[in-house]
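> Just dropping this structure here.
The values are calculated or read from the model by the stated rules, or taken from the named source; none is laboratory data. As the structure is a computational prediction, the values presented were derived from the model and not from experiment. We place every Cβ from the backbone using ideal geometry, glycine too, and count neighbours over all the protein chains shown. The area values use the complete protein model at the heavy-atom level, side chains included, leaving out ligands, DNA and RNA. Shrake-Rupley method; radii C 1.70, N 1.55, O 1.52, S 1.80 Å.
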Amino acid sequence: MSIQWFPGHMAAARKQAAEQMENTDVVIEVLDARLPQASSNPMVEELRKFRNKPCLKVLNKTDLADPVATAAWAAWYDAQDGVTAYPMTTKKPSDVARIPELCKQLAPHRGVPTKPLRIMIMGIPNVGKSTLMNALLKKRVAKVGDEPAVTKAQQKIYLDKFTVLVDTPGMLWPKIAMESDGLMLAASHAVGTNAVIEEEVAEFLGTLLLERYPQLLSARYGFKTGGMDGFGVIEGVAQRRGFRVRGGDFDYEKASHVFLQDYRQGALGRISLETPATRAEALEKHRIEMEEKARLAEEKAARKAEEAARGKRGT
């Protein structure tokens, strides 16, 4: 399943963000610590690099992510020019309180009466941007919800006399290149439910967890994972939870939903869907697939041209 989700308001949000970027000093990109690069919008990177703006990469939801993977990602981002990684969770006020100072370090020439520090908060849907905004201001100024794309308009608010925050709507991008990225985003609830088939997303998640966290599956659901595949995980959840439809067959839809909810809420344990190493492997696999696809397309075009030439000679 190729997952794509780009509602109309996201196109408008991108245009607004591009206009605002010129008057921004620091970009805070909020990422899901469980899938940092899959949850990083390439349009955000494109916009900030075009204007040469420093970036604080907030790896949010660290309480749900594998701490070893999070540490690897923090080192990976810190090695990039103009980027500072900050693993945190909005559930800890002390984590949130450090953000203004980290932003000032990235733009030390700003944050004075004549030059207020201008910060733009960006990220994909449902990574916690609005929650972060509310936590920074210590009051509810941004809508928060469990569904992606709750925030649909940009808003500007003063954090203090010398710091301005701009909250932007969650933005995905027009085409998600790698199928695995779309599935990871769907599993983590960054994509609207109308764009996904939960059984397929759950099967993908089950396959991934069997490879990396089989012990967490056994601990949560009480089944042995040996010889099991992704679909078997859903079936195991249905069997253990007694999810059946009329007639006695397993209710795979309900089991898939519960399995995804368990992952999203941290009931399975601390899980990361990607690491810098697995990301590099996925990118290399995608590169090879695209090269093969291009080669086959060229061969097909050449055959068509040759057949057309023969047809002309025949006439």
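> Contour minus end-to-end for Ala308 and Arg51, with contour as 0.36 nm per residue of separation and end-to-end as the Cα-Cα distance?
Length difference between fully extended and current span is 87.7 nm.
> Check Asn41: other-chain or 5+ apart residues with amide H under 5 Å from its amide H, H built from backbone geometry?
For Asn41, the qualifying residues are Ile124.
> Could I ask something else about it? Take His286, His189, His109 and sort them by solvent-accessible surface of the protein heavy atoms, 1.4 Å probe, largest at the top.
Heavy-atom accessible area, descending, gives His109, His286, His189.
> How much accessible area per residue does the range 201-315 have, counting only protein heavy atoms and a probe of 1.4 Å, in square angstrom?
62
> Just the number, please: carbon plus sulfur as a percent of the accessible area of the chain, 1.4 Å probe, no ligands or DNA/RNA counted.
C and S atoms contribute 52 percent here.
> Compute the distance in nm between two label points, each set 7 Å from the Cα along the Cα-to-Cβ direction, one at Ala277 and one at Ala72.
Inter-label distance under the simple model: 0.5 nm.
> Relative to the Cα centre, what is the charge dipole magnitude of the chain, using +1 at the beta carbon of each Lys and Arg, -1 at the beta carbon of each Asp and Glu, and rounding to the nearest 20 debye?
Rounded to the nearest 20 debye, it is 1060 debye.
> Let me ask another. Report the full-extension gain for the segment Glu299 to Arg246: residue separation times 0.36 nm, less the Cα-Cα distance, to one decimal in nm.
Computed gain between Glu299 and Arg246 is 13.9 nm.
> By a straight-distance test (C-alpha under 20 Å), which lysines pair with Lys312 as possible cross-link partners, with residues fewer than eight away in the same chain excluded?
Lys300, Lys304
> Can you list, bin by bin at 20 Å, the percent of alpha carbon pairs in the chain, starting at 0?
Distribution as computed: 29, 50, 18, 3, 0 percent.
> Send over a whole-number figure in Å² for the accessible area per residue of the range 1-125, probe 1.4 Å.
42
> Shifting gears a bit: Over 23 Å between Cα atoms, which of Lys129/Lys156; Lys92/Lys254; Lys104/Lys129; Lys61/Lys139; Lys92/Lys129; Lys53/Lys104 qualify?
Beyond 23 Å: Lys92/Lys254.
> In whole Hz, with x marking every Gly and Pro, tabulate ³J(HN,Hα) for the range 75-90 from phi via Karplus 6.51 cos²θ - 1.76 cosθ + 1.60, θ = phi - 60°.
My calculation for the range 75-90 gives 5, 5, 6, 4, 6, 8, 5, x, 10, 10, 8, 9, x, 6, 9, 5 Hz in order.
> Subtracting the Cα-Cα distance from 0.36 nm times the residue separation, let me have the gained length for Val141 to Glu101 in nm, one decimal.
12.3 nm
> Measuring from label point to label point, each 7 Å out along Cα→Cβ, what is the Lys91 to Ile197 span in nm?
Between Lys91 and Ile197, the label points sit 3.4 nm apart.
> Which value at 222 nm does the chain reach when only helices count, each DSSP H run of 4 or more adding -39,500 (n - 2.57), with the total divided by all residues and rounded to the nearest 500 deg cm²/dmol?
-15500 deg cm²/dmol
> Return the FRET efficiency for the residue pair Asp63, Lys175: r is the Cβ-Cβ distance, R0 is 30 Å, and the value is rounded to the nearest 0.05.
0.40
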